[in-house]
Every structure is written in C-alpha cells, then in structure tokens.
Amino acid sequence: MLGDDLSTIGKAAMEYARMGFAVFPLQPHTKEPFEGSHGFKDATTNVNRVYGWWKRCPDANIGMATGAVSGGVFAVDVDDNHDGCEVDGSDSLAEWEAENGELPETREHITGSGGVHMLYRCPSGVSVRSTGDVIPSVQIKSDGGYIVMPPSVHPNGNRYEIANDREIAEADALVLKLASERGAQETAAFELPE
C-alpha cells in the first residue's frame, strides 16, 4: 500500500489524509511550516502529495488545517500552565463547565506541552472560526488555523499523543456556545480545492 515505506510520522500523515483530514508538513520538532511553503494553505487530503512530502522529509511534523477543509473538524485547544500560560486552561474549562454544563466526550489528543486538543465536527451549515482565548488559556482552532497532530514531536522533545480512540463528536449547542464566545457563524458549504 502507498506509504508503507514511510516513517512512523509519515504513515500517520497518510492515515490522516485517508480519514479526510487536510494535512501539511511542519519543520521537524517544531510547530512551524517549512520556509517557502504556504503553511496550512497547502494542506491536502491527496495521499500522493502527502506521500511525496514525507518521503522527502521523513521527520517532518504533521500539521492539520482545521475547519471546513478537514470536514468541519475543529479543536478546543486547552493549554496548561507548563506551556508559559499564566492560567491553566483545564482549570478555566472546568470552571466554565461548572457554570454551563460539561462538553460532550470526543476524541482528544495530548499536546507535547501537556495540553489537550478536544476534536469536534461542525454541524451542517455552521462554521467556527479560529480565535484567541475564548476563556483563559482555551482557544478554538478552526477555519484559518491548524493544530499539530500525533505522533509529531514538540520542540521540548515530547510527542503529541492520541489520548483516546473515541469518534469525533458533532459539536452540540454547548460546544458552539464555548466557540461562539468569539465567532460561530452560519456559512455556505466549503469545497476542498484539488
């Protein structure tokens, strides 16, 4: 099968593309796109293109363009205070959930710095924009943004990891309430460019 000869990270990138996640290469051990690239604007689900990228640079980290280009998948990015944050995002989220209700269980990734990416899928006809903090140390990564995917290596040397194998939950009203603190909007359907 195409990609069997790739590195572990390259095989993961191929699998993500097959799952419909638009991916692109990041410099090894960083969160930064390669110089001269267009970053998340280069993201694709084309497995031949993904194969070529990781064949040329087997240690490249994996970026996933979030939002419509990846089937509406976006991340609630919960930073922890070990990543230079003054406030622990998990504490902020726990306080928010105590006042508003708990977010639905979904697939989660542990970031290299110890934070969490909670992945949700936008309901049909709804788009969520990337934002800065919606609550302290919790951001939304969606249209116009990207996240680093497992098993990429964080600049501190730790790997990004899949915390659970749950299905990606559709964002319910509560998730959209958190995200809309700064910008959910009705939108037309988006098509992935070839």
Worksheet item: Where does the chain land at 222 nm, in deg cm²/dmol rounded to the nearest 500, when only DSSP H runs of n ≥ 4 count, each adding -39500 (n - 2.57), divided by all residues?
Response: -6000 deg cm²/dmol
Fill in: Distance from region 90-126 to region 156-182 (C-alpha centre basis), Å
4
Fill in: Relative contact order [Cα under 8 Å, 6+ residues apart], the chain, whole percent
24
Worksheet entry | Heavy atoms of ILE62 accessible to a 1.4 Å probe, total area in Å² rounded to 10 | 0
Worksheet item: Per-residue accessible area for THR111 at 1.4 Å probe radius, Å² rounded to 10?
Response: 10
Worksheet, complete the sentence: Options (1) 49, 39, 31; (2) 61, 39, 35; (3) 79, 34, 27 are given for Cα extents along the principal axes in Å, and the computed one is (1)
Worksheet, complete the sentence: For region 28-125, averaging the sequence separation of alpha carbon pairs under 8 Å that lie six or more residues apart and dividing by its residue count, the contact order in percent is 26
Worksheet item: If eta is 0.890 mPa s and T is 25 °C, what Stokes-Einstein diffusion coefficient results for region 1-116, Kirkwood Rh from Cα pairs, in µm²/s?
Response: 157
Fill in: FRET efficiency, ARG18 to ILE135 (Cβ-Cβ, R0 22 Å, nearest 0.05)
0.05
Worksheet item: ASN158 versus ASN100, label points 7 Å from Cα toward the beta carbon: distance in nm?
Response: 2.5
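The values are calculated or read from the model by the stated rules, or taken from the named source; none is laboratory data. The structure presented is a predicted model; accordingly, all values stated were derived computationally and were not measured. Cβ atoms come from the backbone with ideal geometry, glycine included; neighbour counts cover every protein chain shown. Note: accessible area is taken over every heavy atom of the protein model, side chains too, but ligands, DNA and RNA are not part of it. Shrake-Rupley method; radii C 1.70, N 1.55, O 1.52, S 1.80 Å.
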